[in-house]
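I have placed the structure first, in the form of structure tokens, so that the comments after it can refer back to it.
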Amino acid sequence: MTVGIVGAGAIAFGAAAFLENAGHKPILWSPSGEGTKRLATGEKLIAKGAIEGTFQPGVASSATDLAERSDVLMIALPGYGHKGVMDAVAPYIRGDQVVLISSHASFGALYLSRLLARRGIVVPIVAWGTTVTTGRRPSPVEASVNTVRSKVDICTVPASRSAEGLTVCRKLFGDRFVQREGLLAIALSNLNPQNHLGIALCNMTRMEHGENWGQGLNVTPNVGRLLEALDRERLAIAEVLGLSVRTIFEHFHLSFHVPVDNISNMNQQMHREGRGGVGPATADSRYVTEDVPYGLLATVKLGTLTGRHAKLHQAGVEIFSALYGRDFFSENELLGALDLDSMSLDELKTLSREGYAAPVRQQMEM
């Protein structure tokens, strides 16, 4: 299958390497054009780590070009870029395509559903709770893949197209996908924001100094306890909603293949095995600029709607806003566009299950 990947960062490069290695044809589109400039001249994509090899993905010149050449579209860039690229590709998405969001953030699937419904189109939009690959992009032609996850939670909007969404995901990336009970479950399945809160907050000076530091090594016992407390807030919200979501312990066990233990010990084991990863070497990291407004804030909103206030998550948004001199509460374009604050919990549940319906076409008068 031909998969048009929106993005040209670490996750997009890792997905392209995985897909080409599995016999599919990836095409990358960098919205700015900078991320694929060297690949467009014919240079190869070099993958190292959990995926090894030299690959040659296609390069699209525009959103139109990407949509026209693809069977499946995959959004694979940070959450703060989702609204812009959804606005760019939505006018060209066809009714026979499937859209994958890797990974889903801040009810972006609903925003895309609304854009398509206004065109009279409904397609399966598959929201992933996290990414299949993790890693870094050391250069404009390299992908350093830390791991390939064995399990990824997904759901499809509308739910009536779930079988189709699951089939496409498995055909492209193998039998690693677990269907969850809808978009609310996926919104609570991405553990990166809560985990990155503790990791970045407790290692901020390392990030600002540009140090080379082991991430797993520095999830010390105190940091680990903070991550576990954040997880309890997330699980409490899921309980009110009657949802089954993966715990932080299951996440590290299934994603990084280490025995279940306390979170610090699991990260120390990852470090000993050389899979603990490297922490951000800059304060301008998606651990904060993406995960705070597009991850933590969504959990805060769900906590308010369910009456299970996520106090630590909210404190995280407030503390990072103070650290950065920015108002991260106001930076989420998706939640603002959807006007989530005006929705009731029942309205959000319905939309999360069914998406936006295309308007019924009125018969023309004879």
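The values are calculated or read from the model by the stated rules, or taken from the named source; none is laboratory data. Worth saying up front: this structure is predicted, and the values here are computed from it rather than measured. For neighbour counting, all protein chains shown are included, and Cβ atoms are generated from backbone atoms with ideal geometry for every residue, glycine included. Side chains included, ligands, DNA and RNA excluded: accessible areas come from the protein's heavy atoms. Shrake-Rupley method; radii C 1.70, N 1.55, O 1.52, S 1.80 Å.
Considering only DSSP beta bridges whose two residues both sit in the chain, what percent are antiparallel, to the nearest 5?
30
Could you identify which residue out of P26, P158, P140 has the top mean-square fluctuation in a GNM of the chain using Cα springs shorter than 10 Å?
So, out of P26, P158, P140, the one fluctuating most is P140.
If you place +1 on the Cβ of every Lys and Arg and -1 on the Cβ of every Asp and Glu, how big does the dipole about the Cα centre of the chain come out, in debye to the nearest 20?
560
If I build a Gaussian network model for the chain, linking alpha-carbon pairs within less than 10 angstrom, which residue out of H309, H271, H209 has the largest mean-square fluctuation?
Result for the chain, Cα springs under 10 Å: H209 fluctuates most.
Please compute the length gained on full extension between S344 and T247, using 0.36 nm multiplied by the number of residues separating them and subtracting their Cα-Cα distance.
Gain in length upon complete extension: 32.3 nm.
Find, to one decimal place in angstroms, the Kirkwood hydrodynamic radius of the range 269-366, where the mean of 1/r is taken over every pair of different Cα atoms and then inverted.
Result for the range 269-366, one decimal place: 16.5 Å.
Which number do you get for Rg(Cα) / (2.2 N^0.38 Å) in the range 34-149?
My calculation over the Cα atoms of the range 34-149 gives 1.13.
Enumerate the residues in the range 8-47 having an amide nitrogen under 11 Å from the point lying 7 Å beyond the Cα of T54 toward its Cβ.
43-47
Tell me, what % of the accessible area of the chain is carbon and sulfur with a 1.4 angstrom probe?
Numbers: 7470 of 15030 Å².
Its accessible area is 50 percent carbon and sulfur atoms.
Under the classification rounded if a/c is under 1.5, otherwise prolate if a/b is larger than b/c and oblate if not, where does the range 242-294 fall, given a ≥ b ≥ c as square roots of the Cα gyration tensor eigenvalues?
Note, shape of the range 242-294 comes out oblate.
Could you check the spin-label model distance between T205 and T304? Points 7 Å from the Cα along Cα→Cβ, value in nm.
Label-label distance for T205 and T304, simple model: 3.5 nm.
Counting only helical runs of four or more DSSP H residues, what would the 222 nm mean residue ellipticity of the chain come to if each run contributes -39,500 (n - 2.57) and the total is spread over all its residues? Don't skip to the end; give the middle numbers.
On the way: 17 runs with 158 residues, N = 366.
Value at 222 nm, helices only, nearest 500: -12500 deg cm²/dmol.
For the range 1-144, what is the percent of antiparallel DSSP beta bridges, rounded to the nearest 5?
15
How many percent of all Cα-Cα pairs in the chain sit more than 38 Å apart?
Result: 13 percent of Cα pairs exceed 38 Å.
How large is Rg over Rh for the range 16-67, taking Rg from the Cα atoms and Rh as the Kirkwood inverse mean of 1/r across Cα pairs?
My calculation of the ratio gives 0.97.
Residues of the chain: accessible area per residue at 1.4 Å, in Å²?
That works out to 41 Å² for each residue.
If r is the Cβ-Cβ distance from V178 to E273 and R0 is 22 Å, what FRET efficiency results, to the nearest 0.05?
On the way: r = 24 Å, r/R0 = 1.11.
My answer for the efficiency is 0.35.
Run the numbers for V260 and A322: contour at 0.36 nm per residue of separation, minus the present Cα-Cα distance, in nm. It would help to have the intermediate numbers written out before the result.
Numbers: separation 62, 0.36 × 62 = 22.32 nm, distance 3.51 nm.
Extra length from V260 to A322 when fully extended: 18.8 nm.
Placing +1 on the Cβ of each Lys and Arg and -1 on the Cβ of each Asp and Glu in the chain, which of I248, L172, S342 has its Cα farthest towards the positive end of the resulting dipole?
Value computed over the given set: L172.
Mind jotting down the distance between the C-alpha centroids of the range 45-95 and the range 127-181, whole Å?
A separation of 14 Å, based on Cα centres.
By what distance, in whole Å, do the Cα atoms of the range 141-286 stretch along each of the three principal axes, largest value first?
49, 42, 31
Could you name the lysines in cross-link range of K349, using Cα to Cα under 26 Å and dropping any fewer than eight places away on the same chain?
Straight-distance partners of K349: K83, K151, K301, K311.
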